[in-house]
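**Q** Next up is a structure, given as structure tokens.
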Amino acid sequence: MATELRCLETMPCHNQQVNCASTQNPELQQAGELIPDHAGGNSDFAGKLTLLRGRVSSSSVPAERDSQACGGATLNSESNGGTGNSDAPASDSLLGDCELSRQIGAQLKLLPMNDQIRELQTIIRDKTASRGDFMFSADRLIRLVVEEGLNQLPYKECMVTTPTGYKYEGVKFEKGNCGVSIMRSGEAMEQGLRDCCRSIRIGKILIQSDEETQRAKVYYAKFPPDIYRRKVLLMYPILSTGNTVIEAVKVLIEHGVQPSVIILLSLFSTPHGAKSIIQEFPEITILTTEVHPVAPTHFGQKYFGTD
């Protein structure tokens with residue numbers, strides 16, 4: 001279901017395209033080409049990044065580990081004027097991200113990066129993008145995350161008959177799934193889930209910061225009555241500190257839901273947010289498109305037109 005990449009020095013935890021540099025192939029190296037300093041660096045900090053490859057088993061991964069090593073990836077920081085000046089704290093380095101992924105392991109899943117996803121991420125982060133372009137790109141990215149989230153749910157084999165009378169062996173979802181959106185930004189992902197599962201039931205949680213304590217506080221929660229028997233797709237597009245999601249998972253646990261059956265669907269996450277959630281609930285699964293120190297926290301306001 002997921003393949004693992006071993007990072008020898010740096011790791012594109014935000015899904016940068018992998019530049020394999022662990023082996024120096026003389027046929028690929030051009031004359032006079034500079035080899036990155038980190039290509040043969042210290043391998044003490046080895047990490048794992050789980051990239052989703054549909055539902056392919058790990059046994060199908062090629063044995064050539066060197067071709068999967070990370071190298072030459074740079075952190076996708078929000079820069080000013082293309083100068084590379086990042087708004088991210090100095091402590092959130094690539095090495096820190098690689099160590100974070102090593103600690104989290106397979107619980108943090110990233111969509112495979114491609115140019116389509118990269119463009120959608122760019123438009124969502126662009127402060128000059130119109131609201132129409134923003135919503136269009138956000139809805140497309142949400143759909144991709146939802147589709148992969150559904151791919152993590154259990155299926156069972158079935159037999160159907162085609163119009164020509166042919167017996168076809170296929171699969172279908174096992175019953176007992178539901179969605180839960182964390183209001184308000186999580187509601188932006190509800191339509192994407194309904195577009196894929198027309199009859200799925202969706203619960204809601206409203207969590208806001210207490211004015212006095214500034215801590216996350218649950219104000220409203222409504223779930224399907226049998227949610228304790230269901231697998232839950234928890235929807236929250238931006239993981240910044242992780243506190244809101246942690247409180248939401250606590251509410252789900254109070255209603256009998258086990259963390260092992262919760263799949264958190266997110267568009268963007270910070271290293272701190274992902275790490276906080278996994279440390280609190282090691283069995284939960286986080287599915288996102290990017291891990292980056294700077295999260296687009298304007299998402300909810302721009303999506304709903306309150307910016």
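The values are calculated or read from the model by the stated rules, or taken from the named source; none is laboratory data. As the structure is a prediction and not an experimental result, all values here were calculated from the model. The area values use the complete protein model at the heavy-atom level, side chains included, leaving out ligands, DNA and RNA. Shrake-Rupley method; radii C 1.70, N 1.55, O 1.52, S 1.80 Å.
**Q** How many percent of the accessible area of the stretch 157-236 is carbon or sulfur, using a 1.4 Å probe?
**A** Numbers: 2420 of 5280 Å².
C and S fraction of accessible area: 46 percent.
**Q** Something else now. Given the pairs K156/K250; K222/K250; K172/K231; K250/K275; K222/K275, which are separated by over 20 angstrom at their Cα positions? Kindly include the intermediate steps, with their values, before the conclusion.
**A** Details: K156/K250 30 Å; K222/K250 14 Å; K172/K231 15 Å; K250/K275 16 Å; K222/K275 27 Å.
Violating the 20 Å limit, Cα to Cα: K156/K250; K222/K275.
**Q** Next question. Against the 2.2 N^0.38 Å scaling, with N counting residues, where does the stretch 206-307 land? I'd like the Cα-based Rg ratio to two decimal places. Display every interim value, and only then the final one.
**A** Values: Rg = 13.8 Å, N = 102, 2.2 N^0.38 = 12.8 Å.
Working it through for the stretch 206-307, the quotient is 1.08.
**Q** Taking Cα pairs under 8 Å and at least six residues apart, what relative contact order does the stretch 212-307 come out at, in percent? Write down the numbers at each step before the final one.
**A** On the way: 135 pairs, mean separation 27.4, N = 96.
Dividing the mean separation by the residue count of the stretch 212-307 yields 29 percent.
**Q** Just the accessible area per residue of the stretch 102-152, please: how many Å² with a 1.4 Å probe? Working shown, then result.
**A** On the way: 2400 Å² over 51 residues.
Each residue of the stretch 102-152 exposes 47 Å² on average to a 1.4 Å probe.
**Q** Still on this structure, I have one more. Tell me, Kirkwood radius of the stretch 135-225 from alpha-carbon pair distances, in Å?
**A** Details: mean 1/r = 0.0632 Å⁻¹.
Kirkwood hydrodynamic radius for the stretch 135-225: 15.8 Å.
**Q** Using θ = phi - 60° and the Karplus relation 6.51 cos²θ - 1.76 cosθ + 1.60, list the HN-Hα couplings for the stretch 239-248 in order, rounded to whole Hz, with x at every Gly or Pro.
**A** 9, 9, 8, x, 5, 4, 5, 4, 5, 5
**Q** I would also like to ask the following. Just the projected area, averaged over all directions, of the convex hull on the alpha carbon atoms of the stretch 122-173: how many nm²?
**A** Working: hull surface 22.8 nm².
Averaged projected area of the stretch 122-173's Cα convex hull equals 5.7 nm².
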